[in-house]
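J.: Sharing a structure, written as structure tokens. Questions coming.
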Ligand SMILES: *Cc1c(COP(=O)(O)O)cnc(C)c1O
């Protein structure tokens with residue numbers, strides 16, 4: 001038996017004709033940098049998220065970095081975020097010379113604990129960077145209500161959450177900026193790196209377009225210090241094909257998650273909690289168990305993929321441990337000790353989900 005964490009080969013086989021057609025047409029058009037596929041994808045994503053602008057960039061990490069730049073975040077500023085996330089979230093803050101201020105998570109949803117966000121706001125707080133962890137939207141009305149009156153910018157890390165809805169608005173349309181990654185394993189993905197920033201603000205969008213392209217607002221003038229961070233036309237063509245299926249794919253992820261819930265309900269594991277405020281799109285299906293390592297070994301022995309997201313909270317990572325010496329975020333630490341992410345993708349089938357659950361059941 002072999003069940004990968006994410007079955008990209010099966011996805012490719014199913015979409016092969018469309019994907020190869022799209023790549024070929026990009027190659028034949030010969031407009032590799034900021035070509036028409038990028039423009040079309042930007043329009044489609046902006047419309048989907050209910051905002052005026054989307055700006056393609058080279059990665060999700062760059063999306064966060066450039067959004068923070070466009071928001072005017074710099075040295076001495078504080079940006080509140082979660083320690084239970086991928087390193088890219090905090091790295092982007094550090095690239096600006098700003099301080100990532102970690103606050104603990106809600107133990108059930110793994111998302112930022114908004115009560116603790118309020119307590120962490122200081123005069124130096126310029127932004128809050130919530131992550132819709134594993135695909136479940138943060139309670140954005142509550143977060144915006146905390147931030148707007150204080151002039152604090154909200155930048156969503158939507159890397160797990162393409163297509164996740166919160167009160168009829170898609171993630172990416174809920175803060176001042178939404179930052180997406182098209183890393184191959186994400187819900188909407190490329191065949192390499194890529195990312196996108198959404199915003200409703202005209203001036204910020206113009207700044208982001210300049211920042212990603214060497215500071216050019218109007219060629220040949222470099223009006224600011226910019227970067228080389230463009231989304232490739234070929235990658236945009238690939239993402240655009242998968243974008244046609246994103247709602248279908250997310251529904252399939254939800255169905256798989258609910259099947260796991262049923263099959264695991266009598267085992268001594270904690271299945272994911274849906275808070276019912278937003279719609280979870282299950283980028284990850286994450287369970288908690290005191291016997292995580294035993295389960296992990298059993299899956300490995302059976303040829304079943306899994307993920308430990310996240311193995312270490314960011315305040316314990318060497319890159320941040322100095323800054324956070326002696327600080328503790330118990331809910332994040334506990335989640336890191338117990339979490340186990342099971343195979344999930346739109347193409348996994350019922351038989352495979354059953355096999356995963358049988359292996360877990362036998363190991364317990
Ligand atoms: C993947 C990811 C990123 C970074 O995306 P890249 O495209 O790999 O740079 C940022 N934040 C979170 C939560 C992620 O999972």
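The values are calculated or read from the model by the stated rules, or taken from the named source; none is laboratory data. Just so we're clear, the structure is a prediction, and the values are computed from it rather than from any experiment. Virtual Cβ from ideal backbone geometry, glycine too; neighbours counted across all protein chains shown.
J.: Considering only region 322-361, how many residues are assigned to a helix (DSSP H, G or I) and either over 24 Å from the mean Cα position of the chain (by Cα) or free of Cβ contacts under 8 Å to residues at least 24 places away in the same chain (or both)?
T.: 12
J.: For region 304-319: of the residues being within 22 Å of residue 186 (Cα to Cα) and away from the ligand (no atom under 16 Å from the Cβ), which is surrounded by the most Cβ atoms within 10 Å (Cβ to Cβ)?
T.: Per the criteria, the residue is 304.
J.: Follow-up question, since we're still on this one. If I filter region 80-111 down to residues being crowded, with 24+ Cβ neighbours inside 10 Å and assigned to a helix (DSSP H, G or I), which single residue comes out as farthest from the ligand (Cβ to nearest atom)?
T.: 93
J.: Looking only at region 180-193, how many residues end up being touching a helix residue (DSSP H, G or I) at 6+ places or on another chain (Cβ under 6 Å) and within 7 Å of the ligand (Cβ to nearest atom)?
T.: Qualifying residue count for the region: 2.
J.: Does at least one position in region 1-24 carry a residue that is outside any helix (DSSP H, G or I) and within 16 Å of the ligand (Cβ to nearest atom)?
T.: Yes, because at least one residue in region 1-24 is outside any helix (DSSP H, G or I) and within 16 Å of the ligand (Cβ to nearest atom).
J.: Right, here's the next one. Can you find a residue in region 144-161 that is in a strand (DSSP E or B), away from the ligand (no atom under 16 Å from the Cβ) and in contact (Cβ under 8 Å) with a residue 24 or more places away in the chain?
T.: Within region 144-161 (the criterion being in a strand (DSSP E or B), away from the ligand (no atom under 16 Å from the Cβ) and in contact (Cβ under 8 Å) with a residue 24 or more places away in the chain), the answer is yes, since at least one residue qualifies.
J.: Something else now. What tally of residues in region 162-179 results from selecting those that are surrounded by fewer than 24 Cβ atoms within 10 Å (Cβ to Cβ) and within 12 Å of the ligand (Cβ to nearest atom)?
T.: Final tally of qualifying residues: 0.
J.: Being modelled with pLDDT of 95 or more and closer than 30 Å to residue 96 by Cβ narrows it down to one residue among 262, 254, 244, 230; which is it?
T.: Checking each option against the conditions leaves just 230.
J.: I'm told residue 114 meets every condition in (1) buried (at least 16 other Cβ atoms within 10 Å of the Cβ); (2) closer than 21 Å to residue 321 by Cβ; (3) touching a helix residue (DSSP H, G or I) at 6+ places or on another chain (Cβ under 7 Å) except one. Can you identify the failing condition by its number?
T.: Tallying (1) buried (at least 16 other Cβ atoms within 10 Å of the Cβ); (2) closer than 21 Å to residue 321 by Cβ; (3) touching a helix residue (DSSP H, G or I) at 6+ places or on another chain (Cβ under 7 Å), residue 114 fails exactly one: (2).
J.: Inside region 38-79, can you point out the residues that are closer than 30 Å to residue 124 by Cα, assigned to a helix (DSSP H, G or I), within 16 Å of the ligand (Cβ to nearest atom) and touching a strand residue (DSSP E or B) at 6+ places or on another chain (Cβ under 8 Å)?
T.: Scanning region 38-79 gives 60, 61, 62, 63, 64, 66, 67, 68.
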